[in-house]
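A short worksheet on the structure shown next.
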Amino acid sequence: MVTLPTSGESQQWVGQPLQRREDARFLRGTGRYTDDVPHAFALHAAFVRSPIAFGVIRSIDVRPALEIPGVIAVLTSADLGHATLTGFLDRDEFIKTAMPILANERVRFVGEPLAIVIATSRYIAEDAIEAVSYEIDEFDPIVAMDDAQRTPQPIHDEAPDGVLVDLRMFNDDELEEVLATSHVVVDETFRSGRLQAAPMEGRGCLAEWIDRDDQLVVTVSTQLPHQVRTGIAQALGLAERQVRVIVPDVGGGFGFKAVLGREEVAVAAAARILRRPVRWAEDRLESLTASFQGREQEYTVRAGFTEDGVLTGLAADIRCNIGAYSAFPFTCGLEPIMAATEFLGVYKVPRYASRSRGIASNKPPSNAYRGVSRPQIVMVMEGLMDRAADRLGIDRVEIRRRNTIRAEDFPYSGPNGITYEPGSYLEALELCAAQVEAAGWRQRCEEAAPGFIRGIGIANFSERNAYGTATMGLRRMPMTPGFEVAHLAMDASGDVTLTSGTCSAGQGHETTFAQIVADRLGIAPDRIQLRQGDTDLTSFGWGTFAGRSLVIGGGAAAVAARRLAVQLREVAAQLLSVDADDVELVNGHARVRGTGASISIDEIAKTVHFRSHLLTDREEYLLESHGSADPSGMFSNGCHAALVEIDAGTCAVQVLDYLVVEDCGVIVNPLVVDGQVRGGIAQGIGATLYEEASYSPDGQPLAGSFMSYLVPTAAEMPPISIHHLETPCYQTETGVKGMGEAGTIGAPAVILSALNDALRSRDAWLEHVPVTPADIQRLLALPTKMESS
Amino acid sequence: MSESREITLTVNGERHLIVVEPRRTLADVLRIDLGLTGTHVGCEHGICGACTVLMDDEPVRACLIFGVQADGSSVRTVEGLAVKGELTDLQQAFSRHHALQCGFCTPGFLMLAEGYLATTPAPDPVAVREMASANLCRCTGYQGIVDAIVEVAEHRFRQRPI
Ligand code: FES
Ligand code: FES
């Protein structure tokens, strides 16, 4: 607990484990999520969804549904003017395809919406779904990536081979020669299973046309208020001003809500057509099988090493199963670009070439699940290190040490064209390895009970985040994200309202942004209120994703606060008849250095508003400022270690203990940082051992509930100890680096590394996630190296 | 759709007379008919526990119970915890231990823990973790939730009337 100082020296708020101001309302049950927003007259929407993975729609008959009392309308694609959303990259390697808001002509995955039913209750809307009939002629679906070669019918006619994006961003003519002459080449294929982000609150929205404002007001659970506005405006042919997006509390995002879904557009369209308020809340079946998924990828890699275990070069062929459509606004290029660009992680790789493709399938589209391709590339890089260490007889930590980018290498520029700002890559590795020793894990491995085997894994990695326009521009999206602006206004009672276009989904922005501003204004954070998630209240912004909010949004707030501080000091100087340079803002007061003179900031605020005639030389009235930030992007880094145990009887895996070294630059709130790390690791453990959005060969989803899509519970979580290093970022005023994804990124690599350590006596390696008990059983059945030799 | 029925329900000490369709879930009765939206719905199939409320002091999944089944019972929801405005010891411990991020799962965990602590006065941390595994949280990784409940259990046990 932190108590407010009442007197004495100034309190520094950045760095304090301040309890979050958001907490009280969530604890009382008075947080307001989208489906909690009251509306006495809202109609309820439900979607008629395709039970067929791939086919041509012959007919849809909605008439029987309209007979049901309480059903107001059933709309199909034609009723929406065949509206579409198109997420695309403006580059030759990208094939542009549209996603119809409601299926038009073809269905491309099970769960694709065919029609939207509007009724007086969700119960009646669901009755009506049953009454809608349709005829669909089926094609053979494309489920696995290789199916595309076998099936004559392409998913999109524009892409006959099913490849929507094919990037060869990195080429190296000498790579083959280098690999051919390397001491060893590790040649492996790694795979990762399809996942669903599964925030506890699914998607939802409430849309209403307001004549008075000539505006469609859409309350929606999203991470991207302004991009949702743009998408809805484009799809419905409205001006930006005619769409107001309001985001109330968001029950988890994880990238799953860094997108505009067709359902939200359909609900908005229905509200506009009917001129009646309409609401929709996704159920879990829809969320798991008919929204967005991600992570289904395959990496075929060849990595050359010298005899000493030093990397000579790396060739990668990356394929991502991006599902049936390119999502708006980040597109199906998201995973392939991220994988290719950031593959090399914390390692010095002299030569690098990659091809990365996004392949369409009859599954829901992929979007930006937390970490985007980084969990896989780290799993691959660390897997290569472990394999090479084994082949060369080098210790697993030592081989990483030999390849890691070191302090003296910064600023380091790799063959991926990225310049890395300083990080603590080697320090993190050394600290983590030392902690493993200190925690006695080796001993614990040897102490496994009969019938149990244990192993230790280690993974050293970075997390690129806070991509500004300079970096995002390279992707060639029609809208280039990256900057943020912040507006600050102090009112007559001395309280400050801050607006930002970033949008919290549980990260605690109301607390951490206030900490940053408080330090610069010399007032307590509880005097600062962040307003976010309303396109009419905030000027513009790019929302929350990729560890950008506190870095860019918070960075912009810091600039705005610095400017507001200047105004406060100038007013104080005039009121106290001193020079503004001699005034400092401390503990709620403007204080003259060296003298005892001071005036409270509350008093300044009151004077500026109510007695402005006393202030003769101000150019502007009021106390308002704005700031902006647009860093190019930066790398946080970390090293994880895990101790795992395999029960040879049941083939179950338990993570017994977990160590984290994290460097995210300046820490604004340690509670929040550690919370992000722990939560991310839980998702990473889920991805490695439990979760998979699996499909039958005919494209039917097999994980449609939390009984089959296994989100980890408290029982699956190990104790996690977290150690911090702090290499400040030089791109922002705050020194903060983003860090929301590190847990999710590191966990698959480290658990896989630990499992392979546990199974090292067998001549087999796990190179995919999720690892199921069946995989373990298969490996345990293999002869051990001793038995086979 | 069969005939709607009249039920009486005491929620957080207030008596209500409500007309419901037999298929209407208790979660919808609380959220839609009574406006108590603190009870969240995360799965509607009994796994996530976001909808956990106390029905006659027992934790139940409000998504799996029909309103008509709750006829005559007494229900306590998250809104009934901080009755006099001040957060309860458990709610305060959740904040101290950062046991919540997005807060969507929080009401369910609070009610689950309250029901549990009422019948299990001195649980050890392993038992608390096991109990907490009844509900899902996608944000926190659970450590803060377990720590908060353990701390409150110990504190309440020490403070119990002898
Ligand atoms: S909503 Fe009731 S258990 Fe998930
Ligand atoms: S705090 Fe978000 S689901 Fe638990």
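Considering every pair of different Cα atoms, what Kirkwood radius, in Å, is found for chain A?
Result for chain A stands at 27.8 Å.
For peptide B:41-54, compute the average count of partner chain beta-carbon atoms within 10 Å of each residue's beta-carbon.
5
Treating only the Cβ of Lys, Arg, Asp and Glu as charged (+1, +1, -1, -1), what charge dipole size does chain A show about its Cα centre? Round to the nearest 20 debye.
So the dipole magnitude of chain A works out to roughly 820 debye.
Could you rank the peptides A:683-691, A:298-306, A:438-446 by their average count of other C-beta atoms within 10 Å per residue, with the highest value first?
Result, highest mean Cβ count within 10 Å first: A:683-691, A:298-306, A:438-446.
Report the label-to-label distance for A:GLU437 and B:ARG23 in nanometres (one decimal), using points 7 Å from each Cα along the Cα→Cβ vector.
Placing both labels 7 Å beyond Cα along the Cβ direction yields 6.6 nm.
Check A:SER221: other-chain or 5+ apart residues with amide H under 5 Å from its amide H, H built from backbone geometry?
A:GLY204
Suppose only helical runs count, i.e. DSSP H with n ≥ 4. What mean residue ellipticity at 222 nm does that imply for chain A under -39500 (n - 2.57) per run, divided by all residues and rounded to the nearest 500 deg cm²/dmol?
Dividing the helical sum by the residues of chain A leaves -8000 deg cm²/dmol.
If each of A:VAL56 and A:THR151 carries a label point 7 Å out from its Cα toward its Cβ, how far apart are those two points in nm?
It works out to 1.6 nm between the two label points.
Please list 3J(HN,Hα) in residue order for the range A:401-413, calculated via the Karplus relation 6.51 cos²θ - 1.76 cosθ + 1.60 where θ = phi - 60°; whole Hz, with x for glycine and proline.
3, 5, 10, 6, 5, 9, 3, 6, 7, 7, x, 9, 10
Placing +1 at every Lys and Arg Cβ and -1 at every Asp and Glu Cβ, with all other atoms neutral, what dipole size does the range B:89-159 have around its Cα centre, in debye to the nearest 20?
120 debye
Over both sides of the B-A contact, add up the buried accessible area with a 1.4 Å probe and give it to the nearest 100 Å².
Rounded to the nearest hundred, the buried surface is 4000 Å².
How do the peptides B:31-37, A:285-291, A:416-422 rank, highest first, by the average count of neighbouring beta carbon atoms within 10 Å per residue?
Order by mean packing, descending: A:285-291, B:31-37, A:416-422.
Mind checking the mean number of beta-carbon atoms from other chains within 10 Å of the Cβ atoms in A:700-711?
Shielding by partners across A:700-711 averages 2.
Roughly how many whole Å is it from the C-alpha centroid of the range A:131-162 to that of the range A:260-274?
Measuring centre to centre over Cα atoms gives 27 Å.
In the neighborhood of A:LEU782, defined by Cβ-to-Cβ distances under 14 Å, what is the net charge if each Lys or Arg adds +1 and each Asp or Glu adds -1?
Result for the neighbourhood of A:LEU782: +1.
Using the crude model of +1 on Lys and Arg Cβ and -1 on Asp and Glu Cβ, and no other charge, please compute the dipole size for the range A:650-780 relative to its Cα centre, in debye to 20.
Dipole about the Cα centre, nearest 20: 200 debye.
Give me the distance between the Cα centres of the range B:1-53 and the range A:603-618, rounded to whole Å.
54 Å
Using only Cα atoms, locate the centre of the range A:423-484 and the centre of the range A:638-677, then give the distance between them in Å, rounded to an integer.
9 Å
Measuring from label point to label point, each 7 Å out along Cα→Cβ, what is the A:ARG562 to A:ARG444 span in nm?
In this crude label model, A:ARG562 to A:ARG444 measures out at 4.5 nm.
Whole-Hz ³J(HN,Hα) for each residue in the range A:72-84, computed from phi via Karplus 6.51 cos²θ - 1.76 cosθ + 1.60 with θ = phi - 60°, x for glycine and proline: what do you get?
Here the 3J(HN,Hα) series is 8, 7, 10, 10, 10, 3, 4, 5, 9, x, 6, 5, 9 Hz.
For chain A, build the charge dipole from Cβ charges (+1 Lys, Arg; -1 Asp, Glu) around the Cα centre, then report which of A:ALA764, A:ALA648, A:VAL71 sits farthest towards its positive end.
A:VAL71
Before I look further, what does the protein assembly as shown give for accessible area per residue, probe 1.4 Å, in whole square angstrom?
It amounts to 36 Å² per residue over the protein assembly as shown.
How large is ³J(HN,Hα) for each residue in the range A:371-379, as worked out from phi by the Karplus curve 6.51 cos²θ - 1.76 cosθ + 1.60 (θ = phi - 60°), to whole Hz, x for Gly and Pro?
These are the phi-based 3J(HN,Hα) values: x, 5, 6, 5, x, 6, 5, 5, 4 Hz.
How large is the direction-averaged shadow of the alpha-carbon convex hull of the range B:89-159, in nm²?
Seen from a random direction, the Cα hull of the range B:89-159 projects 4.0 nm² on average.
Would you please give the FRET efficiency between A:LEU622 and A:ARG168, computed as 1/(1 + (r/R0)^6) with r the Cβ-Cβ distance and R0 = 56 Å, to the nearest 0.05?
0.55
How would you rank A:745-758, A:488-501, highest first, on the average number of other Cβ atoms within 10 Å across their residues?
A:745-758, A:488-501
Taking beta carbons within 10 Å but only from partner chains, what does the mean come to for residues B:78-91?
Averaged over the peptide's residues, the number is 2.
As an exercise, use a Förster radius of 45 Å and the Cβ-Cβ distance of A:LEU782 and A:THR30 to find the FRET efficiency, rounded to the nearest 0.05.
The formula returns an efficiency of 0.20 here.
I'd like the GluC sites (Glu not before Pro) in the range A:1-106 restricted to DSSP loop residues with at most 15 other Cβ atoms within 10 Å, sorted by number.
A:GLU9, A:GLU67, A:GLU105
What's the extension gain from A:SER612 to A:GLU408 if we count 0.36 nm per residue and subtract their Cα-Cα distance?
67.9 nm
The values are calculated or read from the model by the stated rules, or taken from the named source; none is laboratory data. Model, not experiment: these values are computed from the prediction. Backbone-built Cβ (ideal geometry, glycine too); neighbour counts: all protein chains shown. Note: accessible area is taken over every heavy atom of the protein model, side chains too, but ligands, DNA and RNA are not part of it. Shrake-Rupley method; radii C 1.70, N 1.55, O 1.52, S 1.80 Å.
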